[in-house]
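Nothing in this text is a laboratory measurement; each read-out follows from the coordinates by a stated rule. These numbers come from a predicted model, not from an experiment. Neighbour counts are summed over all protein chains in view; Cβ atoms, including those assigned to glycine, are modelled from backbone coordinates with ideal geometry.
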Amino acid sequence: METEVFVWLGLLVLFVAVEVATVGLTSIWFAGGALTALIISLAGAGLVWQIAGFFIVSFLLLAFTRPFALKYINFRHERTNSDELIGRMVKVTETVDNYAQTGTALAKGLEWTARTEKDGEKIEAGSMAEVVRISGVKLILKKREEGKA
């Protein structure tokens, strides 16, 4: 019995140390499971009950608290400068043609390599296009819809 107590205590300390080091909600659920198994061990139950308690409590904590934690603790996502370009209109400075692998666009005073959202589509130089997404260092564009500023 004493061996199991020290094993569970060691695992509890390890999981808490990993959680403190990462601050990313990676192992706190397993620390709860180890604490439960430690209590079960101190109560004199067998190893099978200890292991079952560890897995059941770890799973329940993970299943019920992780979605809450992700929603309310890790809710801040800072947009980078390039993320701000998504959805914006940019001026095409060189014809964008995926097959010819050509195209540049001017966005926020910087010239970017540009590609179209659809391979067969071309966007002529001097026209406006909407940034759909950013892939690496390339703007992925779609033609501006008529009547849209």
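Which is farthest toward the positive dipole end of the chain among 43, 16, 128, measuring Cα position about the Cα centre, with Cβ charges +1 (Lys, Arg) and -1 (Asp, Glu)?
The listed residue farthest towards the positive side: 128.
Taking Cα centroids, how far is the stretch 82-113 from the stretch 116-130 in Å?
Here the two parts' Cα centres lie 9 Å apart.
For the chain, what does the relative contact order come out to in percent, with C-alpha contacts under 8 Å and a separation of six or more? Walk me through the intermediate numbers first.
Numbers: 232 pairs, mean separation 22.1, N = 149.
Taking the mean separation of contacting Cα pairs over the length of the chain, I get 15 percent.
Could you give the alpha-carbon Rg of the stretch 94-135 over 2.2 N^0.38 Å, rounded to two decimals?
Ratio of Cα Rg to 2.2 N^0.38 Å: 1.04.
How large is the convex hull of the C-alpha atoms of the chain per residue, in Å³? Each step should come with its number before you reach the end.
Details: hull volume 25.8 nm³, N = 149.
Cα convex hull per residue, to the nearest whole number: 173 Å³.
Taking the alpha-carbon distance from residue 138 and a cut-off under 29 Å, which lysines remain once sequence neighbours fewer than 8 residues away in the same chain are dropped?
The qualifying lysines are 91, 108, 118, 122, 148.
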